[in-house]
Amino acid sequence: RAKEAGKAQFARYSTELQAAAQKRLDLHNALARALARDEFELHYQPICRIDDGRPQVTTVEALLRWRRNGRLESPLQFIPALEESGEIIAVGDWVLREACRQTRHWQLSGQEGLCCSVNLSSRQLLQPGFAQRVAAILRESGLRPTCLMLEITESLLMQDSAETLACLRELAVLGVRLALDDFGTGYSSLGYLKRFPLQILKVDRSFIGGAPDDPELNAISRAIIGLGRSLGLEVVAEGVEDPAHLDFLLGQDCRYAQGYWFSRPRPPAMLEPLLLGEEGFEGEGCLPGPATR
Ligand code: C2E
Ligand code: MG
Ligand code: MG
Ligand code: MG
């Protein structure tokens, strides 16, 4: 009896393993064709200057989406697979070209000072000649280097290789700005802030979200913002979802913010009314007040 039950269980496990392996294989195969089939698209989320009266969109962060069988897949679902297969290099190249092209197009249609921000994987940065590739993409698009911001993560800096540092220095020399994304979530070493040529610190949304109500998250957020500012960095607060978050930030020396309160990431055509000021921020629409009822 025990032997029979064991056999049945083994068969079930092996079917489950096979199904998981098949799913992984399908994902990799589908991703390998996705670029050629034009299935990737970029959505954009505004980053706003907040310390100057009414918030102003200064930058848009490009966020990758994959349209697979009519559904939009989140980057969290497929970026790891792209990194594993090495396809992140070709896809990342496409992201950079498309984001620079779109931003230059917006500049030429009236948003003169608009900048864009693009997320990088370590595989991209470690490819030989990456900084020169970025320079070529900028030339091709006509976007000024100072209008491009590149977001890297702490895990990338953790590898702390001479190659990484050399590449970041080359990028900085081009005039491209470098941001440290999701700050505070990785194995942060504050030494990174001095060793690498960074200009921007993005405070992770896990801190900002709790800052108005949780005394500890409040203290941590204030400390991170203060640290960034005293090192001469611009600080962007991520994950601003409601007016309490914004109020908290306005009391700090934090000049930039991003989050659903301003806008969720949108396809380019849907972002335009917001860029043009024809439409308010998403959070303004839900403010309780006499006009809403
Ligand atoms: P990220 O760079 O930290 O981007 C911000 C993520 O937080 C986005 O998720 C955005 O939709 C979400 N977000 C923004 N505001 C709020 C908010 O107020 N509340 C909440 N709950 N979430 C907010 P998304 O688009 O799913 O991207 C996830 C991650 O995937 C990104 O995190 C980034 O690390 C990575 N990623 C996206 N596009 C690319 C890309 O082109 N290349 C690479 N290498 N990574 C990318
Ligand atoms: Mg980012
Ligand atoms: Mg982030
Ligand atoms: Mg993040």
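Where a number appears in this text, it was derived from the coordinates with a stated rule and is not lab data. Just so you know, these numbers come straight off a predicted model, no measurement behind them. Heads up, the Cβs are rebuilt from the backbone with ideal geometry, glycines too, and the neighbour counts pull from every protein chain shown.
Numbers at a glance
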item: Radius ratio Rg over Rh of region 109-183, counting only Cα atoms, Kirkwood formula for Rh; result: 0.98
item: D_trans [Stokes-Einstein, Kirkwood Rh over alpha-carbon pairs] for region 54-154, 4 °C, 1.567 mPa s, µm² s⁻¹; result: 89
item: Gaussian network model of the chain, springs between alpha carbon atoms under 10 Å - residue of GLN132, GLN22, GLN124 with greatest fluctuation; result: GLN22
item: Exposed-site-free run, longest, the chain (rule: GluC sites (Glu not before Pro); DSSP loop; at most 14 other C-beta within 10 Å); result: 113-277
item: Reference-scaled alpha-carbon Rg (2.2 N^0.38 Å with N residues) for region 133-176; result: 1.25
item: Cβ-placed point charges (K, R +1; D, E -1), dipole of region 175-245 about Cα centre in debye, nearest 20; result: 540
item: Beta bridges per DSSP with both ends in the chain, % antiparallel, nearest 5; result: 45
item: Kirkwood Rh, Cα atoms: Rg over Rh of the chain; result: 1.03
item: For region 32-91, projected area of the alpha-carbon convex hull averaged over all directions, nm²; result: 5.4
item: Cα-based equivalent ellipsoid, region 182-279: semi-axes from gyration tensor eigenvalues, Å; result: 25, 17, 12
item: Positive-end extreme of charge dipole, the chain - chosen from GLY210, GLN159, VAL57 (charges on Cβ); result: GLN159
